[in-house]
Structures are given as structure tokens and as C-alpha cells.
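*Asks:* Here it is, the structure, as C-alpha cells.
The values are calculated or read from the model by the stated rules, or taken from the named source; none is laboratory data. In this text the structure is predicted, and so the values were computed from the model without any measurement. Glycine also receives a Cβ, built like all others from the backbone with ideal geometry; neighbour counts cover every protein chain displayed.
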Amino acid sequence: MLIYNMRRVFALRGIDKPHKFLVDNGFAASTASAMLTYYPIVFKVKSLEKLCVALSCTPSDLFEWRDDGKIVLQETHPINSLRREKITKKLSDIIKDLPLDKLDGLESYLENYAKEESRPES
């Protein structure tokens, strides 16, 4: 079953107040409330684009696939890439528990990782 799960991206981004985040990024309060439900009835493509820009993500990051036993997928089916692991701990919580000497190494690692990801493939 395909599930709309924006809360996963909020958790990964360390956003504790998703409603406020959405409103601060130009969504009406009522739209923000509707978007935060797991089963929105209507989702405009323009809103999806605006949300992806605000969260710096892709539309596929906002959806996940959960096996409900009703549909059998081959292992190679592309939708399997939307299977997600449950987030048990926020990155900010992990970082705050790290010893200070490890934070310098983590910062360097993340900067290098971000540079590698932003380089075009040759």
C-alpha cells in the first residue's frame, strides 16, 4: 500500500513543529493541517512542488510502500525503493549525545558527503 508520509522527512530534517514549518513556508493553516494527515484526500501537484522545495527533497521522499499483503511485488519492482525503515531516533538526538571530539569528524564527513552528492556524474 502506498502511504503518504511527510512526517518521516520532517523527522529526518529535525523539524519538531511541522505545522508551523508549513505555515512559515507559505501554506495556509488549513492546508497545513490537511497535509499533515496520513491520508489526504486531495494533494495538488503545485503544493507538492512547493513542499519539496521547502524540505529540499523529491516527491518520492514523501511516499513509502508498506506491504499489506494485498499486492505481491517482485523483488525487482521499482516501487520497492519506497520501502522505508522506521525512524526511531532523530539525528539531532544522536548528535547531542556524541562526544565533542567526534563532532568535528562528523562535520567533515558530512561536508565531504554533501560535496560528493552534488557533483554531476561523469
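To keep it simple, each residue is scored yes or no on (1) among the hydrophobic types (A, V, I, L, M, F, W, C); (2) closer than 26 Å to GLU107 by Cα; (3) in contact with a strand residue (DSSP E or B) (Cβ under 8 Å, 6 or more places away or on another chain).
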| position | (1), (2), (3) |
| --- | --- |
| LEU2 | yes, no, yes |
| PHE10 | yes, yes, no |
| GLY14 | no, yes, no |
| PRO18 | no, yes, no |
| LEU22 | yes, no, no |
| VAL45 | yes, no, no |
| LYS50 | no, no, no |
| ILE79 | yes, no, yes |
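*Asks:* Can ASN80 be described as surrounded by fewer than 11 Cβ atoms within 10 Å (Cβ to Cβ), on the phi < 0 side of the Ramachandran plot and not acidic (Asp, Glu)?
*Replies:* For ASN80, the condition - surrounded by fewer than 11 Cβ atoms within 10 Å (Cβ to Cβ), on the phi < 0 side of the Ramachandran plot and not acidic (Asp, Glu) - is not met.
*Asks:* Starting from residues that are β-branched (Val, Ile, Thr) and more than 21 Å from ALA114 (Cβ to Cβ), keep the ones in the stretch 57-96 and report whichever is modelled with the lowest pLDDT.
*Replies:* Result: THR88.
*Asks:* Identify the residue in the stretch 31-46 that is in a helix (DSSP H, G or I) and closer than 20 Å to LEU12 by Cβ and, among all such residues, is modelled with the highest pLDDT. Explain how you work it out, then say what you get.
*Replies:* First, pick out the residues of the stretch 31-46 that are in a helix (DSSP H, G or I): 31-35, 45-46.
This time we only want the ones that are closer than 20 Å to LEU12 by Cβ, so: 32, 35.
Values: ALA32: 88, MET35: 84.
Checked the stretch 31-46; the qualifying residue modelled with the highest pLDDT is ALA32.
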